[in-house]
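Colleague: So that we are looking at the same thing, I have put the structure below in structure tokens.
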Amino acid sequence: MTDSTHRIAVIPGDGIGQEVVPAAQRALEAVGERFGFRFDWTAFDWSCELYARTGSMTGDGDVSDLSGFDAIFLGAIGYPGVPDHVSLWGLLIPIRRRFIQYVNLRPVRLLPGVRTPLADRAPSDIDFVVVRENNEGEYSEIGGRLYAGTPDEMAVQQAIFTRKGVDRVLRYGFELAGTRPARHVTSATKSNGIIHTMPFWDERFQVIAADYPDIRTDQYHIDILTAHLVQHPDWFDVIVASNLFGDILSDLGPAIAGSIGLAPGANLNPDRSHPSMFEPVHGSAPDIAGRGVANPIAQILTGAMMLEQLSEVDAAATLVAAVERVLAAGATKTGDLGGAATTDDMTAAVIAALS
Ligand code: NAD
Ligand code: IPM
Ligand code: MN
């Protein structure tokens with residue numbers, strides 16, 4: 001697509017989100033210039049800082065304000081001073097739900113030039129995608145506390161697994177596997193210990209799998225699955241998982257692929273009835289925030305996923321290739337990759353590698 005303008009809502013959010021989002025915007029602008037399209041960015045200052053001032057993560061606004069945009073580009077939400085459940089349920093999780101972004105897509109690849117902590121593993125061994133259910137499951141507001149502050153205090157948290165919710169994310173995983181050479185789907189379960197929801201998940205996995213006879217399947221309980229990911233990452237292609245299991249696997253994956261600072265993600269509304277939201281897997285990293293040393297590559301690759309969704313497929317591929325060139329050359333490394341480059345150094349290197 002060329003000669004077009006993409007209208008993007010930008011939420012840098014908290015911590016390093018405020019550093020890596022502008023960096024990635026520069027890289028996106030540069031690739032847009034090359035391919036003849038523009039971005040019309042609308043910035044939202046929704047953050048813990050805004051919460052501290054107004055008592056609301058969105059101030060006078062509301063997540064519905066994002067509904068007219070082509071996509072949402074988000075950094076990270078959450079910062080010490082505001083309880084995480086307040087900030088995340090005040091912004092990130094409502095966006096995922098309001099816009100029915102039921103797939104959280106988190107590709108994991110070991111890129112040439114990046115060191116994996118696993119011995120004797122090459123890029124061809126680590127190339128999988130976590131397809132995480134993003135609207136229900138273990139993340140639910142149903143529950144509560146009784147007898148707070150007394151010895152009888154109790155907390156109940158209700159998990160929700162609907163047939164519609166489970167089927168659509170499983171189906172997305174199978175469709176995705178059909179586009180990949182390995183054509184393989186692994187289901188993350190825990191039906192030995194979780195007696196209702198996980199046997200239901202397994203049952204639906206069997207039903208949906210029957211529609212895709214040419215796709216190989218496996219299923220593992222989440223405990224041994226984490227071990228297999230470390231010992232046999234080459235066994236995995238597409239991993240479908242519930243909200244919580246997918247969350248855990250999508251931090252483990254980038255750890256074996258070298259750094260969470262490289263890991264992109266997309267919250268997809270596959271039927272495109274609402275905008276999708278693009279945010280890296282990592283959070284606001286308060287331990288390094290404000291120093292200009294965060295790795296911007298996760299946010300830049302997240303931008304490439306956004307370009308794909310905007311049908312700028314060639315531009316997306318060019319941006320990914322630029323990142324790969326910089327990593328393979330090895331001259332520019334941020335702290336998480338064992339170097340001393342700054343966020344700006346890394347961004348400049350990627351932009352220079354575009355041509
Ligand atoms: P985190 O991902 O922010 O940080 C974990 C570790 O990874 C830290 O040591 C951090 O310095 C490092 N790291 C992360 N991104 C990096 C990058 N781009 N470059 C270099 N190093 C990087 O996870 P956390 O510490 O568990 O969470 C911090 C806050 O972020 C919490 O408030 C949490 O709730 C929130 N969070 C938000 C999101 C989101 O908005 N999508 C995701 C995860 C965590
Ligand atoms: C992620 C994050 C969020 C999640 C938190 C911050 C609520 O860990 O996007 O992976 O669990 O979905
Ligand atoms: Mn997470």
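The values are calculated or read from the model by the stated rules, or taken from the named source; none is laboratory data. All values reported here derive from a predicted model rather than from experimental measurement. Because the Cβ atoms are built from the backbone with ideal geometry, glycine has one as well, and the counts that use them run over all protein chains shown.
Colleague: What are the residues in the stretch 198-216 that are surrounded by fewer than 18 Cβ atoms within 10 Å (Cβ to Cβ) and of a type outside the set (A, V, I, L, M, F, W, C), if any?
Modeller: Hits for the stretch 198-216 are P199, D202, E203, Q206, D211, P213, D214, R216.
Colleague: Additional query: Considering only the stretch 315-328, I want to know if a residue exists there that is touching an Asp or Glu at 6+ places or on another chain (Cβ under 7 Å) and assigned to a helix (DSSP H, G or I).
Modeller: yes
Colleague: Moving on to the next point. Of the residues that make up the stretch 130-146, is at least one within 25 Å of T179 (Cα to Cα), hydrophobic (A, V, I, L, M, F, W, C) and without any contact (Cβ under 8 Å) to a residue 40 or more places away in the chain?
Modeller: Checked against the condition, which is being within 25 Å of T179 (Cα to Cα), hydrophobic (A, V, I, L, M, F, W, C) and without any contact (Cβ under 8 Å) to a residue 40 or more places away in the chain, the stretch 130-146 yields no hits at all.
Colleague: Pick out the one residue from V108, V86 that is within 16 Å of ligand 3 (Cβ to nearest atom) and outside any loop (DSSP other than H, G, I, E, B).
Modeller: One residue alone meets the criteria, V108.
Colleague: Taking the options D247, D287, name whichever one is at pLDDT 95 or above, among the charged types (D, E, K, R) and farther than 15 Å from R132 by Cα.
Modeller: D287
Colleague: Taking the condition of being away from ligand 1 (no atom under 15 Å from the Cβ), crowded, with 21+ Cβ neighbours inside 10 Å and polar (S, T, N, Q), how many residues in the stretch 48-103 meet it?
Modeller: Total meeting the criteria: 0.
Colleague: Just a yes or no: is a residue in the stretch 203-225 in the same structural domain as R121 (by TED's automatic domain parsing) and within 16 Å of ligand 3 (Cβ to nearest atom)?
Modeller: Yes, the stretch 203-225 contains a residue that is in the same structural domain as R121 (by TED's automatic domain parsing) and within 16 Å of ligand 3 (Cβ to nearest atom).
Colleague: Can you pull out every residue in the stretch 68-77 that is of a type outside the set (D, E, K, R), more than 16 Å from ligand 2 (Cβ to nearest atom) and within 20 Å of the chain's Cα centre (by Cα)?
Modeller: Within the stretch 68-77, F69, A71 meet the criteria.
Colleague: In the stretch 202-313, which strands (runs of 3 or more DSSP E) lie fully inside it and hold 3 or more residues that are within 16 Å of ligand 1 (Cβ to nearest atom) and more than 18 Å from I126 (Cβ to Cβ)?
Modeller: 266-268, 276-278
Colleague: From the residues in the stretch 267-299 that are within 16 Å of ligand 2 (Cβ to nearest atom) and in contact with a Lys or Arg (Cβ under 8 Å, 6 or more places away or on another chain), which one is nearest to D336 (Cα to Cα)?
Modeller: V281
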